[in-house]
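Below you'll find the structure, written out as structure tokens, and then a few comments.
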Amino acid sequence: MILLAFASLTTGVLAATGAWYQPSPDRMIDRMKDKLGLTNAQVSEIKVIYAKHEGALKADREAVQAAANGSDAKKAATQKMRADMEQVQAQFRPILTPDQQIKWDQLRADQKKRREGQK
């Protein structure tokens, strides 16, 4: 159950209707705080990172939503969104403690396995 909740933390999830849902940065940060035990200082740093990339991430979400389901455009937009989110998330790791990094890495690995299993 924890892993399912985390699945929508870092990337959009495809709902049964085919519409993408991307939680707000505040909601994702709240989940990270819960799953990783972030301090208030860490939360503040992560919020700054999200704020820097807010425009690009919003454009990515809109491109995914605008593309027709099953189209090459949808696949390309989804890949770009994931790549951009990977770049943002790479900036989180140095903020985390060693124990949090281990949890983060495991949660991301589990998410990747689930995503690959859905293809």
*asked:* I need the full set of residues from segment 19-37 which are on the phi < 0 side of the Ramachandran plot, in contact (Cβ under 8 Å) with a residue 24 or more places away in the chain and in a loop (DSSP other than H, G, I, E, B), in order please.
replied: ALA19, GLN22
_In segment 6-37, residue modelled with the highest pLDDT [restricted to those that are surrounded by fewer than 17 Cβ atoms within 10 Å (Cβ to Cβ) and polar (S, T, N, Q)]_ = SER24
*In segment 77-91, what count of residues is obtained for those that are over 13 Å from the mean Cα position of the chain (by Cα) and among the acidic types (Asp, Glu)?*
0
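The values are calculated or read from the model by the stated rules, or taken from the named source; none is laboratory data. Just so we're clear, the structure is a prediction, and the values are computed from it rather than from any experiment. Heads up, the Cβs are rebuilt from the backbone with ideal geometry, glycines too, and the neighbour counts pull from every protein chain shown.
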